[in-house]
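What follows is a single structure, written as C-alpha cells, with notes after it.
The values are calculated or read from the model by the stated rules, or taken from the named source; none is laboratory data. All values reported here derive from a predicted model rather than from experimental measurement. With ideal geometry, Cβ positions are generated from the backbone for all residues, glycine too; neighbour counts draw on all protein chains shown.
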Amino acid sequence: MGSSIKVTLRKKANKQGLFPLAVRITKNRKTTYLYIGHYIAIKYWDEGNREVRKSHPNYIRLNNLLIKKLAEANQTLIDLQTHQNDISSKQIKEEIATPLTKISFKEIADNYLDNLEKTNKLQRLSSDKARVGHFIRFVDNDDLSFREIDEALLRRFSLYLKTTRKVSQRSVINNLIVIRTLYNKAIRLGIVDRKLYPFGADKIRIKFPESEKVGLTIEEIQSIEALEDLTEQQSHARNVWLFSFYLAGMRVGDVLMIKWSDIYDGRLHYRMGKNEKLLSFKLPEKITSLLRRYDEDRRSSEDFVFPEMNNADLKNPKDVFNKVKTANKKFNKYLVQIAEKAKINKKLTMHIARHSFGNISGDRIPIQMLQKLYRHSTVTTTINYQANFMHKETDDALEKVINF
C-alpha cells in the first residue's frame with residue numbers, strides 16, 4: 001500500500017468558526033493529521049494549490065510553515081522506510097510532532113471548558129471550571145506540561161485539597177477526574193506518551209468513597225407540611241420543596257420550568273431537562289391543593305407555575321442556568337430556617353427531597369417502577385441509588401440473631 005503526505009485545511013471549525021491548517025498523513029488507507037497550530041477562515045484557503053491565499057495578511061509566513069512541515073513529514077517518511085518495512089501514519093506523525101509536547105495543560109483545559117460552554121453543558125462547566133482553577137492555582141504555572149503531571153504531583157495536589165481547601169474525599173476524586181479527562185485528551189492528540197499516564201490500579205486510583213444519603217422520614221415531612229408560622233419566602237420555599245418531593249424528588253431545574261400549559265387532564269406533562277425525556281404524571285391531590293395558592297397569580301397558560309423564571313431569557317441557556325442556580329441557593333437558605341422551626345436536625349435542601357422519597361419508598365415499590373419515577377436511564381442506576389435506603393432485610397436478619 002502507498003502513502004501520501006499533503007498539506008490541507010481540515011474542515012473542522014473551532015469556536016470562532018476558523019479551520020485548522022494541517023499536514024494530512026495517509027498510510028495503508030489510514031489517515032492522521034498533524035496540526036501546525038494556526039487557524040484561518042475557509043475563504044483564505046486555495047484547495048487547488050493547497051496553500052493560503054494571498055488575501056490573507058500572513059499568507060507568506062503560513063505557507064512557509066506549511067512547506068517546512070510538509071518537508072519534515074516527507075523526510076521522516078523516507079527515514080522510517082529506510083530502517084523498517086512497515087510503518088503507520090501514526091508513527092510518521094509521532095516522529096514529527098515533537099512541538100505538540102509544548103502544549104500546556106492550561107491550553108487543553110481552556111479548550112475543554114470552551115467546548116462545554118459551546119455545547120451548553122453549563123452544570124458541568126460550572127463544576128469543572130472551578131476544579132481546573134484549583135489545579136492551576138496549586139501548580140502556579142500556566143505553562144505546566146502534561147509530562148510534568150506525575151503521581152507525586154497529583155498526590156501533593158490531593159493533600160492540598162484536603163488540608164488547605166478542606167474538601168471531602170469525594171471532591172478530591174472529582175478534581176482528579178477532570179485532570180484524568182484532560183490527560184486522556186492530551187494522549188489522543190499526541191501531546192504526551194501513554195506510558196507516562198499517572199492513573200491506574202498501581203498509580204493514582206479513581207475510586208469514590210461510599211456516601212451516605214440521608215432522607216427525611218414520614219413524620220418529619222408531616223411536620224413540615226403542618227408548619228403555620230412561616231414568612232412568605234419560607235412558605236414559598238416549602239411549597240417548591242413539597243412539589244419536588246410529591247413527584248419523586250423532581251430536580252429543581254425541572255420544577256421551575258413547569259408552565260400552567262404543562263398541566264391538563266389532571267396530569268403534568270413535561271420534558272426532563274437532564275436527558276430530554278418526555279414524561280407524564282398524574283398529579284396527587286396534595287399537589288393540586290398546593291397549586292391553588294399560585295393559580296390566582298396566573299395571567300396566561302404560558303406563565304410559569306413558580307415565578308423564579310418569569311424574567312429568564314429562555315433562548316439563552318446561560319441565563320436560564322444562572323437563574324435556576326440563584327433560585328436553588330435562595331430555597332436552600334429558607335429550608336434551613338424551615339428545618340429549625342420543624343425541629344428537624346437533618347440538613348434540609350432541595351436535593352434532599354429526592355433522598356426523602358427514596359427513604360420513604362424503601363423496598364415497598366418495585367425497582368422498575370422506581371426507575372420510572374426517578375426518571376433514571378438505566379435500572380442499574382436506580383438499584384445503586386435505592387440501595388442507600390433499603391434496610392429492612394438486614395434489620396430483620398440482625399433481629400433474628402440477637403433477639404434471644
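Numerical summary
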| read-out | value |
| --- | --- |
| Those helices (runs of 4 or more DSSP H) lying entirely in the stretch 302-404 with at least 2 residues surrounded by 18 or more Cβ atoms within 10 Å (Cβ to Cβ) and modelled with pLDDT of 80 or more | 317-341, 352-361 |
| Top-ranked residue of the stretch 1-30 - restricted to ones that are assigned to a strand (DSSP E or B) and of a type in the set (Gly, Ala, Ser), ranked as surrounded by the fewest Cβ atoms within 10 Å (Cβ to Cβ) | Ser4 |
| Some residue of the stretch 251-262 being over 30 Å from Thr119 (Cα atoms) and modelled with pLDDT of 85 or more | no |
| Residue check for Val192: closer than 22 Å to Ser356 by Cα and either of a type outside the set (S, T, N, Q) or crowded, with 17+ Cβ neighbours inside 10 Å (or both) | no |
| Some residue of the stretch 162-178 being among the charged types (D, E, K, R), closer than 30 Å to Ile36 by Cα and touching a residue at least 24 places away in the same chain (Cβ under 8 Å) | no |
| Among (1) within 30 Å of Lys341 (Cβ to Cβ); (2) buried (at least 20 other Cβ atoms within 10 Å of the Cβ); (3) at pLDDT below 90; (4) under 26 Å from the mean Cα position of the chain (by Cα) - the single one Ile221 does not satisfy | (4) |
| Selection count, the stretch 288-319, where residues are of a type in the set (A, V, I, L, M), touching a residue at least 12 places away in the same chain (Cβ under 8 Å) and under 29 Å from Asn120 (Cα atoms) | 2 |
